[in-house]
Amino acid sequence: HRQRGGAGQVVDVAIYEAVCNMLESVVPEYSGAAVVRQPSGSTLTGIAPSNVYRCRDGQMLIIGANTDSMFKRLMTVIERPDLAADPACANNAGRVAQQVRIDAAVNAWTVQHDATEALALLEQAEVAAGPIHSVAEMFRDPQFRARGMFETVRVNGQDLEIPAFAPKLTATPGRTERPGPELGADTDAVLTELLGMSAADIAALRATGAI
């Protein structure tokens with residue numbers, strides 16, 4: 001807008017609004033059918049199979065094989081042709097009704113494989129899947145490093161990694177100039193400069209344990 005000759009604009013946004021648009025269809029579900037969606041664990045309500053599954057090595061995968069063709073490819077990978085050919089699982093509505101049964105079959109397969117092996121087989125079969133990183137895996141992932149997702153500050157004389165700024169702006173990418181102060185580091189300044197207290201007043205507060 002500014003580049004087309006207009007002035008700057010106010011960006012008016014609240015924190016909760018950034019999440020509201022990720023709630024998918026809960027608003028039209030309520031508006032159109034008075035349905036109040038309830039907690040459903042790691043599944044994606046109304047879409048199956050789409051869930052998180054544990055592998056043999058303890059790592060978790062998310063698999064979203066919710067199209068008809070992808071579901072059949074997933075069932076082929078996990079060696080469940082009976083489910084692939086089952087008329088009850090032929091479309092998403094049927095699979096939602098059979099979700100517990102399908103998830104049990106998928107999980108029975110993932111627990112027999114390490115995550116890297118399972119992901120390789122799923123990728124080969126063109127089934128949508130991905131790993132769920134722990135923070136330790138985030139630290140080891142070269143993509144996180146390449147994207148500059150962490151930055152280092154000095155705290156108590158030691159390096160400490162913290163989340164870096166995102167999104168990154170080309171001209172003003174942003175950075176953390178210093179960590180937060182030690183607890184109580186600015187107490188005297190606040191009490192004297194902002195509240196006008198004397199040294200004797202502050203000493204009296206410390207004597208009673210108030211500060």
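Around ALA115, under 15 Å between beta carbons, what's the net of Lys plus Arg minus Asp minus Glu among the other residues?
Values: positive: ARG54, ARG56, ARG140; negative: ASP57, ASP114, GLU117, GLU123, GLU137, ASP141.
Residues near ALA115 contribute -3 overall.
Ligands, DNA and RNA aside, PHE71 has an accessible area near 0 Å² when probed at 1.4 Å.
Largest GNM mean-square fluctuation across VAL11, VAL100, VAL77, computed for the chain with C-alpha springs under 10 Å, falls on VAL11. When only the Cβ of Lys, Arg, Asp and Glu is charged (+1, +1, -1, -1), the dipole of the chain relative to its Cα centre reaches about 420 debye. Treating each Cα of the chain as an identical point scatterer and ignoring solvent, apply the Debye formula and state log10 I(q)/I(0) at q = 0.08, 0.18, 0.19 Å⁻¹. For the chain at q = 0.08, 0.18, 0.19 Å⁻¹, log10 I(q)/I(0) is -0.57, -1.24, -1.29.
Within the chain, which is the longest segment that contains none of the GluC sites (Glu not before Pro) sitting in a DSSP loop with at most 13 other Cβ atoms within 10 Å?
So the longest stretch without any such site is 25-78.
Note on PHE139 and ALA204: the extension gain reaches 18.7 nm, defined as 0.36 nm multiplied by sequence separation minus the Cα-Cα distance. Axis angle, to the nearest 10 degrees, between helix 115-124 and the longest C-alpha principal axis of the chain: 50 degrees. When the trypsin sites (Lys or Arg not before Pro) in segment 24-107 are filtered for DSSP coil states and for at most 15 other beta-carbon atoms within 10 Å of their beta-carbon, the remaining sites are ARG37, ARG56.
The values are calculated or read from the model by the stated rules, or taken from the named source; none is laboratory data. Given the structure is predicted, the values throughout are model-derived calculations rather than measurements. All Cβ positions, glycine included, derive from the backbone under ideal geometry; neighbour counts span all protein chains shown. Please note that ligands, DNA and RNA were not included when accessible areas were found on the heavy atoms of the full protein model with its side chains. Shrake-Rupley method; radii C 1.70, N 1.55, O 1.52, S 1.80 Å.
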